[in-house]
Amino acid sequence: MTSTPSSPQVRGPRRLLVTGGAGFIGSNFVHHWAKTYPQDRIVVLDALTYAGNRKSLADLEGSENFRFVEGNIGDRPLLDELLATEAINTVAHFAAESHVDRSILAPDAFIQTNIVGTFTLLEAFRHYWQQADFSELPPKKWAFLHISTDEVYGSLGDHDPAFAETTPYAPNSPYSASKAASDHLVRAYYHTYGIPILISHCSNNYGPYQFPEKLIPLTCINILMGKPIPVYGDGKHIRDWLYVRDHCRALDVLIHKGNRGQRYNIGGNNEVRNIELVHIICQLMDDLAVDLPTRPARDLITYVDDRLGHDRRYAINARKMSIHLGWNPSTGIEEGLRETVRWYLDHRDWWEPLLTGEYHQFYQKMYGVV
Ligand code: NAD
Ligand code: DAU
């Protein structure tokens, strides 16, 4: 039943369009793909919003099979041109506004990119795919993989079963509502037009190249800067943490083997309360960092007002990925956090320049004196 992505019927060069490839998960995915399948063509389309960073792809610049295009998924003429001239057969759609707190402060961009942008991309791909003469390609050479989130399923109580692919949608934030809307469009394009879509619902990712606004990089960076670590509410909210490299392996398997028209949950089997997670990072920083402005780092923990509509618990049941496609996460939270803390310690040149300008203003608005 299970087979590896290198099975003969699906190998051979692919031509990928990766939207949002300069973001956190997108850039990790591009690194994974370029390393695993050097013969495949990768075209990254990214608008380079505050969250996009070309430095995250610096080692690929100049490679023969890699191209970076600065542009918006809402730009239909650009999409038409890229799909046709690059003869794309696989779209990995990561581009989105992704931060829940920003969606609470200013939802507009979330509607525009996550809903209208995804619709524009779907329309471009539909017209291209319907006209393309790639009849010699095996069906699984075609893919439109839409990266969704577990947040579309809403929030769980402490004793509820984990989200399954059959869990009804109940998005609670403008961010998750915009992702849910885009999921419905993607699903409808399979049922109406037969577009070879896949939808993945992953839990909270962490690892290298994550923008400083999210809990784990924010905690690492604030410790290194001697700034307070803001913990929302009582700190007992639970997330199911997925190491980004495990996630990229899952997306690889999905593209090669996933049944078109279906959705798949991807989780880390790592449910942890926020306050426990922050304590683990503090301890790791105490152990690994040489010059900390405040030691022990846990002295920086500061409880702040809760996020509006804050979802209490997410947990993913990823049995479908395991049973049907043979994928399982392999990185435990302690190991993954150690790798991540080391990465932020070693890559100050990547994150330090991000703290000025737009992010500085967002931080002031979000956390005030913190
Ligand atoms: P990110 O915010 O780090 O990166 C998003 C990227 O998309 C950036 O490079 C940005 O420049 C680009 N982008 C934004 N708007 C664009 C537009 N209109 N046109 C072209 N490019 C645009 O996001 P991430 O954390 O890497 O998340 C990637 C995807 O995975 C998103 O769709 C997100 O909803 C989903 N997701 C993320 C997580 C997580 O834990 N980070 C979990 C579940 C799902
Ligand atoms: O579950 C998947 C989702 O995970 C993705 O769809 C989103 O794109 C991604 O941003 C992430 O959303 P979260 O809101 O769960 O991630 P964030 O890192 O913002 O917050 C994680 C938890 O930590 C959450 O319970 C809120 C809390 N938190 C966050 C920040 C930024 C704090 O306590 N303090 C903080 O300063």
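The values are calculated or read from the model by the stated rules, or taken from the named source; none is laboratory data. None of these values were measured; they are calculated from a predicted model. For neighbour counting, all protein chains shown are included, and Cβ atoms are generated from backbone atoms with ideal geometry for every residue, glycine included. These area figures cover heavy atoms from the full protein model, side chains too; ligands, DNA and RNA do not enter into them. Shrake-Rupley method; radii C 1.70, N 1.55, O 1.52, S 1.80 Å.
So the values come out like this:
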| read-out | value |
| --- | --- |
| Residue order for H237, H347 - accessible surface, 1.4 angstrom probe, largest first | H347, H237 |
| Top of L292, L277, L121 by mean-square fluctuation, Gaussian network on the chain, Cα under 10 Å | L292 |
| Between helix 118-131 and the chain: long-axis angle, C-alpha atoms, 0 to 90°, nearest 10 | 20 |
| Estimated dipole of the range 221-269 in Debye, rounded to 20 [Cβ of Lys and Arg +1, of Asp and Glu -1, Cα centre] | 160 |
| Rough spin-label spacing in nm, given labels placed 7 Å along Cα→Cβ, for I275 and Y50 | 2.9 |
| Choice from L242, L16, L308 showing the highest fluctuation, given a GNM over the chain with Cα pairs closer than 10 Å | L308 |
| Solvent exposure, largest accessible area first (probe 1.4 Å, DNA, RNA and ligands not counted), of T49, T120 | T49, T120 |
| Distribution of pairwise C-alpha distances over the range 245-302, 5 Å bins, in % | 4, 15, 17, 12, 11, 10, 11, 9, 7, 4, 1 |
| For L345, net neighbour charge (Lys/Arg +1, Asp/Glu -1) across residues whose Cβ lies under 13 Å away | -4 |
| Within the chain, percent of DSSP bridges classed antiparallel, to nearest 5 | 10 |
| By accessible area with a 1.4 Å probe, ligands and nucleic acids excluded, highest first: order of T356, T113 | T356, T113 |
| Student exercise, the chain dipole from Lys, Arg, Asp, Glu Cβ charges, in Debye to nearest 20 | 800 |
| Derived scalar couplings ³J(HN,Hα) [the range 227-241; Karplus, 6.51 cos²θ - 1.76 cosθ + 1.60; whole Hz; x for Gly, Pro] | 9, x, 9, x, 10, 6, x, 8, x, 9, 5, 10, 10, 9, 7 |
| Antiparallel bridges, percent of DSSP beta bridges restricted to the range 143-293 (to nearest 5) | 20 |
| Among Y193, Y169, Y359, residue whose mean-square fluctuation peaks in a GNM of the chain (springs only between Cα atoms under 10 Å) | Y193 |
| For the range 342-350, 3J(HN,Hα) per residue [Karplus equation, 6.51 cos²θ - 1.76 cosθ + 1.60, θ = phi - 60°, Hz, x = Gly/Pro] | 4, 4, 5, 5, 8, 10, 4, 5, 7 |
| Partners for K236 among aspartates and glutamates (Cα-Cα distance below 17 Å; same-chain residues under 8 apart left out) | D158, D160, E271, E276, D305, D306, D311 |
| Computed helical MRE - 222 nm, the chain, DSSP H runs ≥ 4 contributing -39500 (n - 2.57), nearest 500 | -11500 deg cm²/dmol |
| Area of M225 that stays accessible when all protein chains are in place (1.4 Å probe, Å², to 10) | 80 |
| Lys/Arg +1, Asp/Glu -1 at C-beta; the chain dipole; positive extreme among L137, H127, H247 | L137 |
| Heavy atoms of E339 accessible to a 1.4 Å probe, total area in Å² rounded to 10 | 90 |
| Reachable lysines, given that their alpha-carbon falls under 22 Å from the alpha-carbon of K257 and they are not under 8 places away in the same chain | K35, K140, K141, K320 |
| Value of relative contact order over the chain, rounded to a whole percent, pairs C-alpha under 8 Å and six or more apart | 18 |
